[in-house]
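First comes the structure, then the notes that go with it.
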Amino acid sequence: MSFSSLGLSEQLVRATSEQGYETPSPIQAKAIPAVLSGKDVMAAAQTGTGKTAGFTLPLLQRLSEKPRTGKGPRALILAPTRELAAQVHDNVARYSAYLPTRSAVVFGGVKINPQMMKLRKGLDVLVATPGRLMDLYQQNAVRLNEVEVLVLDEADRMLDMGFIRDIRKILALLPEKRQNLLFSATFSNEIRSLAQGLLDNPVQVEVAARNTTAERVKQSVYPVDQSQKTALLSKLVRDHSWEQVLVFTRTKHGANRLTQKLERDGITAAAIHGNKSQGARTRALNEFKQGDIRVLVATDIAARGLDIKQLPQVVNFELPNVPEDYVHRIGRTGRAGESGHALSLVSADEGKLLAGIEKLIKKQLPRTVVDGFEPTNNLPLKPKAKADPSKARKRPGGGNGKPRSFGAKPGGRSGNGNGNGGGGQRGRSQRASA
Ligand code: AMP
C-alpha cells in the first residue's frame, strides 16, 4: 500500500516521501480515506502510531481542493499541551511544503501579541491549546466562523486537564456544518459523551490493541528502596553508557530534585515540566535531541506528545498513579519498528501501582535486583497473606539477595518524600499555562 493509493495528492505524497515514510501506518491506512470522504471520524490512537499524519494529510488535501476566501482558519486543531500543539503544527508545516496552505500555532505561556499578528494575516490551519484560543477569541484576535474541519487531538488528555469547559465554549462558536475528527488514546464515559454530542455518524477507526507498543518494548522492574533510586539511576546510566535516556517522575518537584542530583553526580540532565517556561522546555528538548544532555527528566503531562525519534531507553523513576500512563510512557521508546527498553525503579510502597500496571498489560514484568541496591522490603511475588510489618522493616542488606517481587502491602513504609508526593499533578497548574 502507498500514500497515493489512499487518495492523497501528488504534493502530499512528495512531502511524505521527503519525511522518509514509505508506507502508511495502520492508523493512516484507515483514517486517511475516512477523512477524505468528508465524514466525521472517531479514532482510538496513541502517540507513536502516526496518528498526526493520519488526520493532517487528508485535512490538508481537503483544504487544498478549494482556496481560502476569508481570513480563516478553515481547520482548527485543538491539542492539550504546548509541546503537542507545537509538534502537530510542525507536522502541518512539513506536510504542506508543496501546498499554498498557511498555518499557525498558538499556546499559552508565551506572549500573546505575536500570535495576534500571525492570525491577522489570515491562515488555513490553526493549531491551538484551548485556553489560549479562548483568550485570543475574547480579544477579538480570531474568528471561528469559517471552520470547516475541527480536530480534537488527545481528547482524553484535554478532559483530564480540565479543558472541557473551554472546549464546549469553542464548539459553540463553530459553524454547525463542519467535519469533526476526534482522536483519543482511551475512551472513558466522558469521552464517549463528548463524542456523542459532537460527532455525526462517525467512521470508527481503531488500530491494534493498546498494548502493541508494549510488545515491542523490553520491560523490566528494578526493585530498590526509594532512598537509593538516584544512586541506582546514576549507576545504570554509567554502567550501560546510556547517552539518551528519558526519565519519568511523578511530580515537577521530583523532576527538579532528580535533575539536580544527577548534575551533582556529573551526569548532564535537564527537567521538562509545566512550571518551566516555554523557552526553557524547548531548549531542554533540543539539547537532549542533539545529545548535549544525557538525561531528560519529565513529568507525564510534559512528556505527552514529545516527538523524539528512536529513543532507546526510558526509565520510570517512579511509577505513574494511573496504569494507562505507564503504557504512554513506555510508548516513548521502541517507536517505528525500533526496539527499546523501559525500566522501572520500583520501591516497596509502589507495589500496588505495579500490580495495577501488570494487570493492564496482562503480564508479569521480570525483576532484577542490582548488587548493593537490594531493597529493604523483600516481599513475595504473590502475597500469601499479609506481610509481617516487623520483618518487612529489616535493615538494608539483610535480604536473601534475589527477591522476585513485592506485590504486597508494605509495612507502613511511605517513601522518604523523594518527589513522591502522590497525585494531584494532573493538569491543574499545567492547564493554567497551556
Ligand atoms: P505520531 O503518532 O503522530 O506522534 O507519530 C509518531 C512518529 O512516526 C513521528 O515521528 C512521525 O514522523 C512518524 N511517522 C508518521 N507516519 C509515518 C509513516 N507512515 N512511516 C514512518 N514514520 C511515520
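Every residue, every condition in (1) under 21 Å from Pro130 (Cβ atoms); (2) within 11 Å of the ligand (Cβ to nearest atom); (3) in contact (Cβ under 8 Å) with a residue 40 or more places away in the chain, yes or no:
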{"position": "Ala45", "(1), (2), (3)": "yes, yes, yes"}
{"position": "Thr49", "(1), (2), (3)": "no, yes, yes"}
{"position": "Phe55", "(1), (2), (3)": "yes, yes, yes"}
{"position": "Leu59", "(1), (2), (3)": "yes, no, yes"}
{"position": "Lys66", "(1), (2), (3)": "no, no, no"}
{"position": "Gly70", "(1), (2), (3)": "no, no, yes"}
{"position": "Pro73", "(1), (2), (3)": "yes, no, yes"}
{"position": "Val88", "(1), (2), (3)": "yes, yes, yes"}
{"position": "Arg94", "(1), (2), (3)": "no, yes, yes"}
Would you mind finding the one in Ala53, Ala44, Ala31 that is touching an Asp or Glu at 6+ places or on another chain (Cβ under 7 Å) and either within 30 Å of Glu324 (Cβ to Cβ) or not assigned by TED's automatic domain parsing to the domain that holds Ala195 (or both)?
Ala44
Test: residue in the range 240-252 that is over 26 Å from Ile32 (Cβ atoms), aromatic (Phe, Trp, Tyr), touching a helix residue (DSSP H, G or I) at 6+ places or on another chain (Cβ under 8 Å) and part of a strand (DSSP E or B)
yes
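Residue by residue, here is whether (1) polar (S, T, N, Q); (2) modelled with pLDDT of 95 or more; (3) surrounded by 24 or more Cβ atoms within 10 Å (Cβ to Cβ) holds:
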{"position": "Phe55", "(1), (2), (3)": "no, yes, yes"}
{"position": "Pro58", "(1), (2), (3)": "no, yes, yes"}
{"position": "Gly70", "(1), (2), (3)": "no, no, no"}
{"position": "Thr81", "(1), (2), (3)": "yes, no, yes"}
{"position": "Val88", "(1), (2), (3)": "no, yes, yes"}
{"position": "Val92", "(1), (2), (3)": "no, yes, yes"}
Please go through the range 245-276 and give me each residue that is buried (at least 23 other Cβ atoms within 10 Å of the Cβ) and without any contact (Cβ under 8 Å) to a residue 24 or more places away in the chain, ordered by number.
none
Counting only residues that are crowded, with 17+ Cβ neighbours inside 10 Å, within 11 Å of the ligand (Cβ to nearest atom), small (Gly, Ala, Ser) and in a helix (DSSP H, G or I), how many does the range 1-30 have?
1
Only one of (1) open to solvent by 10 Å² or more (accessible area, probe 1.4 Å); (2) under 15 Å from the mean Cα position of the chain (by Cα); (3) modelled with pLDDT of 75 or more fails for Glu287. Which number is that?
(2)
Inside the range 148-203, the number of residues satisfying the requirement of being part of a loop (DSSP other than H, G, I, E, B), of a type in the set (D, E, K, R) and under 21 Å from the mean Cα position of the chain (by Cα) is 2
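In the range 154-168, is there at least one residue being closer than 29 Å to Leu99 by Cα, surrounded by fewer than 23 Cβ atoms within 10 Å (Cβ to Cβ) and in the same structural domain as Arg74 (by TED's automatic domain parsing)?
There is no residue in the range 154-168 that is closer than 29 Å to Leu99 by Cα, surrounded by fewer than 23 Cβ atoms within 10 Å (Cβ to Cβ) and in the same structural domain as Arg74 (by TED's automatic domain parsing).
The values are calculated or read from the model by the stated rules, or taken from the named source; none is laboratory data. Just so it is clear, the structure is predicted and the values come from calculations on it, not from any experiment. Note that we place each Cβ from the backbone using ideal geometry, even for glycine, and neighbour counts take in every protein chain shown. Each accessible area value is taken on the protein alone, full model and side chains, heavy atoms only, with ligands, DNA and RNA left out. Shrake-Rupley method; radii C 1.70, N 1.55, O 1.52, S 1.80 Å.
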